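What follows is one structure encoded as structure tokens, with my remarks underneath.
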Amino acid sequence: MKYSFSFLVVIALALIAGVGSQIPGMGYFFGVVIPYLAFAVFLGGIIWRIMYWAKSPVPFSIQTTRGQAKSLDFIKHSRLGAPDTNAEVVGRMALEVLTFRPLFYNTKSELREGPKITYESSKWLWLFAIVFHYSFLVILLRHLRLFLDPVPFWVGWVEFWDGLLQVGAPTWYITDVTLLLAVALLFFRRLVNRHVRYLSLMNDYFPLILIFSIALTGILMRYMLRSDIVNIKELLIGLVTLHPVIHGHIGAIFYIHITFVSVLLVCFPFSKLMHMGGVFLSPTLNMRNNTRAVRHINPWNDPNIKPHSYAEYEDEFRESMIENGIAVEKGLPPKEEPAEAETGKKAEE
Amino acid sequence: MSLPKLEELSQSVWQGPSLSTGAIPTKEWMDTPVTFKPGGYAYPAKKEKLEYLNAQPGLSFPFARVWSPEEDDWLLPDNWKDIILKGIAERLDKFRSLKIFMDCCVRCGACADKCHFFLGTGDPRNMPVMRAELLRSVYRGEFTLAGKILGRLAGGRKMTVGVLKEWFMYAYQCTECRRCSIFCPYGIDTAEITIILRELLYSVGLGINWVIEPVSNSTRTGNHMGLQPLPFRDNVEFLAEDVESLTGIKQNVTFNRKGAEILFVTPSADVFAEPGIYTCMGYLLLFNALGLDYTWSTYASEGGNFGLFTNNEAMKALNGKMYAEAERLGVKYILGGECGHMWRVVHQYMDTMNGKTPANMEVPVSPITGTVFNNAASTKVVHITEFTADLIKHNKLKFDTSRNSHVRATWHDSCNPARAMGIIEEPRYVLDHVVDKWWEMPENTIREQTFCCGSGTGLNTDEIMELRMRSGLPRANAVKHVVEKHDVNTLACICAIDRATLTSLMNYWNPGVTVCGLTELVANALVQKGENRADMPEGLRTML
């Protein structure tokens, strides 16, 4: 139900964009108005979300340590496990963000007869995730060709390496295939892995189906239903330079593609896709583990919260403390020896 | 609550229908209300304890009442929903972590089978992602636009009494051990979620007594057990006498002594309960052998801080005693005993909450080796294991490891020192020097991947013993592995809660395995000048 609904939404979007864009005059709506609106929401949304996060302080330094802290000279410090300096934090973050380290160390546990619990390395999620993210990145970079004039020289390099296999005409890009594959695998993992299946929401299926559809329409456009690339590039450059024009015919497949992308952009700031920004702000990852060496400041620390004081404590237990020879600050209240007045609380005489 | 027989529970764990064993529940979790049965929950906080705490300046423990989780009506205040929603809003403003953790989870499921509670119970809501989802669904439904419009379709729901009951159940089936966080690509920390859930529950008067009574006792008498100055001192002195009769060396122990160089603070469990008392005898013997200029305090007589398991304010108030006492006594720094969550608080919260340190305190320097503990330069609290490792490195301690020949040890990394401090190698270094040989448990169960004892954060109470034996199973299982392979008979650790809870856990799953503190093993092996040792086949545990 969760994923079938997501499918329905994507099909509906395709129909709306595919049919709607072919109504005379509506090309401008789907090719210009929607992308602009979507981009505005995307940009505004991301800024709003980051500001929303940044508004809240990090009251405590709650780093998780995945290795030995810096301590005594002869104890080997795990600089990327328990970073002590900002440079080490950058190193740790780079590992977390660029290599998906926690997923690399993922294990699968099984309960067996006994009971006996076994653990084995499980790198599938890491593999699917890393292929997916890096394929997506390369495809994004390749798309710069459509938005920039002149095309930056390194975009050519990306294309060259991505098309290295030299299969098909036009040459198939490796990342087109790997992206589709990785998204499909991530999707099926959600259905097959019993834990993940039970906890998945529509919020999880929808982005996968949408991204798959984006990639699929892009591939169809490039390899099969060849759209008029000259007209498309003119429109896209126009969008970037704020002078959008549509000349000649552009096929429905392009409008479907760009509508999907627009929907993804709109969803981005308001969904789990914001993990892309959030990971950098996660206090368990981006704090130094030097909290005993350098004081971390909490802006809302309340100085009025004080411990139950020693004076109150001694007041309650003084008699027994004195009787048993435990050192005290004040003597007992004057009873037999009224001479001991210096202690300072004999007003009730 | 009778604990099932070992065979029954074993059978149930690996064959009973649960998500752990492959049975996928047919009903969605949002449609599955929680039910409380005897043995399934820890007893509610006592009314008078909450009232006492609520009367303390700066603390808030409102709506103290007599109630039972098994009743339908939890006697909530009329405006409970308002309080909870305001409470969430307030915490979103105060903790960036909460916002990030609410917004970023992609439900990849990497954390799902990392939780000892999930592995032992197979309850889907014990998957860490689900524990967070209990709160996240309310965050979506009540605080985000998409969730307000799409509701359940976007994973959102409204705050209801049913949700509150669910929170009460699962916030107390988490020990804030952070193992899941290590596997999360965004570092989402379920400990933060549980901390916040428990805070919210306390704001409407829902808590458990095993936490609240220690907090209340610590406030009044300085320690969890509510030991007043005299019994506290006497307990320590009894232990000192035991050390003396075993070693023939008079132990010099002082209390509340002004002008001492060091204030020693350890969990009070070490002072009064087996097997912690042997660790405590270890401290006494070690410090006496060094001639350390230190004092105990009867006022700051608790290293542990159950305030961490209630709310920020209580944690801060309890923790404040250490610096207050350090100032009153004029010590240079504090030496902290073996404890897990005590060190979470000392390492990550103390300086922030109660710093700067009093003017009389100085950057800690070992009086024996001259080593400057720069890693504690600001907080000025040194961990006993750092302190001991440094002594060993400088050849200040002479060991006879044959005195530990009765010990075939393995090492349990306690959650907080491992994942919230990074104390991983120091205890291993110490252990290497005090026993001939010891054995590591399997690599997925040690160091930063260590498994919790299953009963931390105030869950070491008898009425939920079956739950504890289930949640402790991953740890017990790893111990069993080395017991079978290497004939291990001792589980060593640096946590007072562990010493208590692992003992029950071992008695159940691995009878014959003894639990001890690291300093106990240090003291067992320590060779002292002028000693007149009795025959001690069981080290400090030898009965004369």
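The values are calculated or read from the model by the stated rules, or taken from the named source; none is laboratory data. These numbers come from a predicted model, not from an experiment. Using ideal geometry, Cβ is built from the backbone for each residue, glycine included, and neighbour counts are taken over all protein chains shown.
No other residue among A:GLY168, A:GLY91 is away from chain B (no Cβ under 14 Å), small (Gly, Ala, Ser) and over 30 Å from A:VAL230 (Cα atoms) apart from A:GLY91.
Would the range B:392-401 turn up any residue that is part of a helix (DSSP H, G or I), modelled with pLDDT of 95 or more, within 29 Å of B:GLN348 (Cα to Cα) and more than 11 Å from chain A (Cβ to nearest Cβ)?
There is no residue in the range B:392-401 that is part of a helix (DSSP H, G or I), modelled with pLDDT of 95 or more, within 29 Å of B:GLN348 (Cα to Cα) and more than 11 Å from chain A (Cβ to nearest Cβ).
One residue stands out among those in the range A:118-146 that are out of contact with any helix residue (DSSP H, G or I) (no Cβ under 8 Å at 6 or more places or on another chain) and within 12 Å of another protein chain (Cβ to nearest Cβ): the one that is surrounded by the fewest Cβ atoms within 10 Å (Cβ to Cβ), which is A:GLU120. Taking the residues in the range B:24-54 that are exposed (fewer than 13 other Cβ atoms within 10 Å of the Cβ) and in contact (Cβ under 8 Å) with a residue 24 or more places away in the chain as candidates, determine which candidate is farthest from B:GLU466 (Cα to Cα). Checked the range B:24-54; the qualifying residue farthest from B:GLU466 (Cα to Cα) is B:PRO33. Being among the small types (Gly, Ala, Ser) and either at the interface with chain A (Cβ under 7 Å from one of its Cβ atoms) or within 15 Å of B:ASP31 (Cα to Cα) (or both) holds for only one residue in B:ALA171, B:ALA112, B:ALA89, and it is B:ALA112. Among the residues of the range B:142-186, the ones that are within 30 Å of B:ASP73 (Cβ to Cβ) and hydroxyl-bearing (Ser, Thr, Tyr) come to 4 in all. With respect to (1) touching a Lys or Arg at 6+ places or on another chain (Cβ under 9 Å); (2) surrounded by fewer than 17 Cβ atoms within 10 Å (Cβ to Cβ), the lone exception for A:LEU199 is condition (2).
Evaluate the range A:296-308: report whether one residue or more is out of contact with any Asp or Glu (no Cβ under 8 Å at 6 or more places or on another chain), over 30 Å from A:ALA94 (Cα atoms) and among the aromatic types (Phe, Trp, Tyr). Yes, the range A:296-308 contains a residue that is out of contact with any Asp or Glu (no Cβ under 8 Å at 6 or more places or on another chain), over 30 Å from A:ALA94 (Cα atoms) and among the aromatic types (Phe, Trp, Tyr).
Total residues in the range B:55-82 satisfying the condition of being within 26 Å of A:PRO303 (Cα to Cα) and without any contact (Cβ under 8 Å) to a residue 60 or more places away in the chain: the figure is 2.
Against the definition (of a type outside the set (Asp, Glu), in contact with a strand residue (DSSP E or B) (Cβ under 8 Å, 6 or more places away or on another chain), in contact (Cβ under 8 Å) with a residue 24 or more places away in the chain and more than 11 Å from every other protein chain (Cβ to nearest Cβ)), how does B:LYS380 come out, yes or no?
For B:LYS380, the condition - of a type outside the set (Asp, Glu), in contact with a strand residue (DSSP E or B) (Cβ under 8 Å, 6 or more places away or on another chain), in contact (Cβ under 8 Å) with a residue 24 or more places away in the chain and more than 11 Å from every other protein chain (Cβ to nearest Cβ) - is not met.
Considering only the range B:103-146, state which residues are part of a loop (DSSP other than H, G, I, E, B) and either modelled with pLDDT of 95 or more or of a type outside the set (S, T, N, Q) (or both). Hits for the range B:103-146 are B:CYS105, B:VAL106, B:ARG107, B:CYS108, B:GLY109, B:ALA110, B:CYS111, B:CYS115, B:GLY122, B:ASP123, B:MET127. Screening B:SER2 with (1) touching a helix residue (DSSP H, G or I) at 6+ places or on another chain (Cβ under 6 Å); (2) away from chain A (no Cβ under 14 Å) gives one miss only, at (1). For A:MET287, the conditions (1) surrounded by 15 or more Cβ atoms within 10 Å (Cβ to Cβ); (2) facing another protein chain (nearest Cβ under 7 Å) all hold with the exception of (2). Residues in the range A:267-313 that are of a type in the set (S, T, N, Q), without any contact (Cβ under 8 Å) to a residue 12 or more places away in the chain and touching a helix residue (DSSP H, G or I) at 6+ places or on another chain (Cβ under 8 Å): A:SER282, A:SER309. Residue count for the range A:314-328 under the criterion of being surrounded by 14 or more Cβ atoms within 10 Å (Cβ to Cβ) and either in the same structural domain as A:PRO57 (by TED's automatic domain parsing) or touching a residue at least 12 places away in the same chain (Cβ under 8 Å) (or both): the result is 3. Scanning the range A:40-88 for residues that are without any contact (Cβ under 8 Å) to a residue 40 or more places away in the chain, in contact with a Lys or Arg (Cβ under 6 Å, 6 or more places away or on another chain) and away from every other protein chain (no Cβ under 11 Å) turns up just one, A:LEU80.
Cβ-Cβ contacts under 9 Å between residues 6 or more apart (or on different chains), taken from a first residue in the range B:216-236 that is closer than 14 Å to B:SER297 by Cβ and more than 9 Å from chain A (Cβ to nearest Cβ) to a second residue that is among the acidic types (Asp, Glu) and in a loop (DSSP other than H, G, I, E, B), are listed as B:ASN223/B:GLU302.
Residue-by-condition table, conditions (1) among the aliphatic types (A, V, I, L, M); (2) under 26 Å from B:ASP189 (Cβ atoms); (3) within 14 Å of chain A (Cβ to nearest Cβ):
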residue: B:LEU53; (1), (2), (3): yes, no, yes
residue: B:ASP73; (1), (2), (3): no, no, no
residue: B:LYS81; (1), (2), (3): no, no, no
residue: B:ILE100; (1), (2), (3): yes, yes, yes
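Here's the yes/no breakdown for (1) touching a Leu at 6+ places or on another chain (Cβ under 9 Å); (2) farther than 28 Å from A:ILE211 by Cα; (3) not polar (S, T, N, Q):
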site: A:ASP73; (1), (2), (3): no, yes, yes
site: A:LYS76; (1), (2), (3): no, yes, yes
site: A:LEU111; (1), (2), (3): yes, yes, yes
site: A:ILE117; (1), (2), (3): yes, yes, yes
site: A:TRP126; (1), (2), (3): yes, no, yes
site: A:LEU137; (1), (2), (3): no, no, yes
site: A:PRO152; (1), (2), (3): yes, no, yes
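Of the helices (runs of 4 or more DSSP H) lying entirely inside the range B:257-359, those containing at least 2 residues that are more than 9 Å from chain A (Cβ to nearest Cβ), in contact (Cβ under 8 Å) with a residue 24 or more places away in the chain and under 24 Å from B:ASP242 (Cβ atoms) span B:269-272, B:276-290.
Yes/no matrix, rows are residues, columns are (1) over 23 Å from A:PHE60 (Cα atoms); (2) assigned to a helix (DSSP H, G or I):
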{"position": "A:ARG226", "(1), (2)": "yes, no"}
{"position": "A:ASN231", "(1), (2)": "yes, yes"}
{"position": "A:ILE256", "(1), (2)": "yes, yes"}
{"position": "A:PHE268", "(1), (2)": "yes, yes"}
{"position": "A:TRP300", "(1), (2)": "no, no"}
{"position": "A:ILE305", "(1), (2)": "no, no"}
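When the test is whether a residue is of a type outside the set (Lys, Arg) and farther than 30 Å from B:LYS114 by Cα, B:SER405 passes it. Of all residues in the range A:185-202, those being of a type in the set (Lys, Arg) and either touching a residue at least 24 places away in the same chain (Cβ under 8 Å) or more than 18 Å from A:GLU110 (Cα to Cα) (or both) number 2. The single condition among (1) among the hydrophobic types (A, V, I, L, M, F, W, C); (2) within 7 Å of another protein chain (Cβ to nearest Cβ); (3) out of contact with any Pro (no Cβ under 8 Å at 6 or more places or on another chain) that A:LEU98 does not meet is (2). In the range A:215-235, the count of residues that are in contact (Cβ under 8 Å) with a residue 60 or more places away in the chain, more than 29 Å from A:GLN22 (Cβ to Cβ) and not aromatic (Phe, Trp, Tyr) is zero.
Is one or more of the residues making up the range B:391-410 of a type in the set (Asp, Glu), farther than 14 Å from B:ALA492 by Cβ and assigned by TED's automatic domain parsing to the domain that holds B:THR490? Scanning the range B:391-410, I find at least one residue that is of a type in the set (Asp, Glu), farther than 14 Å from B:ALA492 by Cβ and assigned by TED's automatic domain parsing to the domain that holds B:THR490, so the answer is yes.
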